[in-house]
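Enquirer: To start, I am sharing the structure in question, which I have written as structure tokens.
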Amino acid sequence: MPELPEVETTVRGLSRVLKDRRVDAIEARRPDLRRALPNDLGQRLTGARVIALRRRAKYGLLDTDRGDTLVFHLGMSGHWRIDPSELGKHDHFIMVTDEGRRLALNDARRFGSLDLVSTNELDEWPPFKALGPEPLGLDPAELKRRLAGRTAAIKLLLLDQTIIAGLGNIYVCEALYRAQIHPRRSGGSISLERLKRLVSAIGDVLSEAIAAGGSTLRNFASPDGELGYFPKSFAVYDREGQPCGCGGKVRRIVQGGRSTFYCPSCQH
Ligand SMILES: [Zn+2]
């Protein structure tokens, strides 16, 4: 499942093909993904120039010179294919640039989405309206304010997109491990000192994954390049029963219906 680093890597890869390019043609090969595609997609995108590509939480944003932003979410299995030699049945949306590059949004499980929103109304767009701040560049004092009075487990609060936007299960587990904070600790009880360590751990795990993803981009320009997925290694995630550097063993618990991996010796 694509997390923030995969989305960031995807946006950077798409940027090399789409930045300042005109969209010559699009093709919606089915009417919907998770929800219906906008039916005026062709009218609003064809002939438009892509002036900026960026990311918000786990969404990729393509701003056009017509004041629209194409917003994509990769869902569970989505990825963009660059210059596919032939189209497959899961290539649901195609975009062709004025340089003749062809991009296909492939999504076998169709949990992804594609929307077109007025760029200057993005903050008010329902999926964005309640989102908290980005995890990269987060101010620890701001996090402290957002956690104040909250008695729920820090693990669950970090997954709450209204508190911080874009963090998923893997990176929350890894960041709590690095910051040596127990996943069940109540969010409001954590000192500013420890939150500073947590914020820098969040920044580090995300930046390292983005850097790993970036190093895979050199292959993307070749035909049939795929964006967004790359091998990663984790300290605790999916490592139940395996040794931690401290000599203890990684444990798995379930919180909010999802697995948490942590080291009971290192995290308190
Ligand atoms: Zn340990």
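Enquirer: Here are some conditions: (1) assigned to a strand (DSSP E or B); (2) open to solvent by 10 Å² or more (accessible area, probe 1.4 Å). Residue 103 meets all but one. Which one does it not meet?
Expert: (2)
Enquirer: Another one. Tell me which residues, restricted to region 243-268, are more than 23 Å from residue 206 (Cβ to Cβ) and assigned to a loop (DSSP other than H, G, I, E, B).
Expert: 246, 247, 248, 257, 264, 265, 268
Enquirer: Within region 48-79, take every residue that is not charged (D, E, K, R) and not in a strand (DSSP E or B) and give me the one that is nearest to residue 116 (Cα to Cα).
Expert: Applying the filter and picking the extreme gives 67.
Enquirer: Additional query: Could you tell me whether any residue of region 195-208 is under 30 Å from residue 103 (Cβ atoms), more than 16 Å from the ligand (Cβ to nearest atom) and of a type in the set (Ser, Thr, Tyr)?
Expert: yes
Enquirer: Scan region 82-95 and give yes if some residue there is of a type outside the set (Val, Ile, Thr) and under 16 Å from the mean Cα position of the chain (by Cα), otherwise no. Give the steps one after another, and end with the answer.
Expert: Start the filter on region 82-95 by keeping residues that are of a type outside the set (Val, Ile, Thr), which leaves 83-93, 95.
Now narrow it down to the ones that are under 16 Å from the mean Cα position of the chain (by Cα): none.
The answer is no; no qualifying residue exists.
Enquirer: Still on this model: Inside region 224-268, can you point out the residues that are away from the ligand (no atom under 13 Å from the Cβ) and either of a type in the set (A, V, I, L, M) or open to solvent by 90 Å² or more (accessible area, probe 1.4 Å) (or both)?
Expert: 226, 227, 229, 231, 233, 238, 240, 252, 253, 254, 258 - these are the residues of region 224-268 that are away from the ligand (no atom under 13 Å from the Cβ) and either of a type in the set (A, V, I, L, M) or open to solvent by 90 Å² or more (accessible area, probe 1.4 Å) (or both).
Enquirer: Within region 74-91, is there a residue that is surrounded by fewer than 16 Cβ atoms within 10 Å (Cβ to Cβ), at pLDDT below 95 and among the small types (Gly, Ala, Ser)?
Expert: Scanning region 74-91 turns up at least one residue that is surrounded by fewer than 16 Cβ atoms within 10 Å (Cβ to Cβ), at pLDDT below 95 and among the small types (Gly, Ala, Ser).
Enquirer: Follow-up. With respect to residue 156, determine if the residue is touching a Gly at 6+ places or on another chain (Cβ under 8 Å) and in a helix (DSSP H, G or I).
Expert: Details: touching a Gly at 6+ places or on another chain (Cβ under 8 Å): yes; in a helix (DSSP H, G or I): yes.
In short, yes.
Enquirer: Something else now. Tell me, please, whether a residue that is touching a Gly at 6+ places or on another chain (Cβ under 6 Å) and in contact (Cβ under 8 Å) with a residue 40 or more places away in the chain can be found in region 43-52.
Expert: So in region 43-52, the residues touching a Gly at 6+ places or on another chain (Cβ under 6 Å) come out as none.
No; the residues of region 43-52 include none that is touching a Gly at 6+ places or on another chain (Cβ under 6 Å) and in contact (Cβ under 8 Å) with a residue 40 or more places away in the chain.
Let's see how each residue does on (1) on the phi < 0 side of the Ramachandran plot; (2) at pLDDT below 95; (3) more than 16 Å from the ligand (Cβ to nearest atom); (4) open to solvent by less than 20 Å² (accessible area, probe 1.4 Å):
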site: 135; (1), (2), (3), (4): yes, no, yes, yes
site: 138; (1), (2), (3), (4): yes, no, yes, yes
site: 142; (1), (2), (3), (4): yes, no, yes, no
site: 151; (1), (2), (3), (4): yes, no, yes, no
site: 154; (1), (2), (3), (4): yes, no, yes, yes
site: 157; (1), (2), (3), (4): yes, no, yes, yes
site: 179; (1), (2), (3), (4): yes, no, no, yes
site: 186; (1), (2), (3), (4): yes, no, yes, no
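The values are calculated or read from the model by the stated rules, or taken from the named source; none is laboratory data. As the structure is a computational prediction, the values presented were derived from the model and not from experiment. Please note: Cβ atoms are built from the backbone with ideal geometry, for glycine as well, and neighbour counts cover all protein chains shown. Remember, those area values only see protein heavy atoms, side chains included, never the ligands or the DNA or RNA. Shrake-Rupley method; radii C 1.70, N 1.55, O 1.52, S 1.80 Å.
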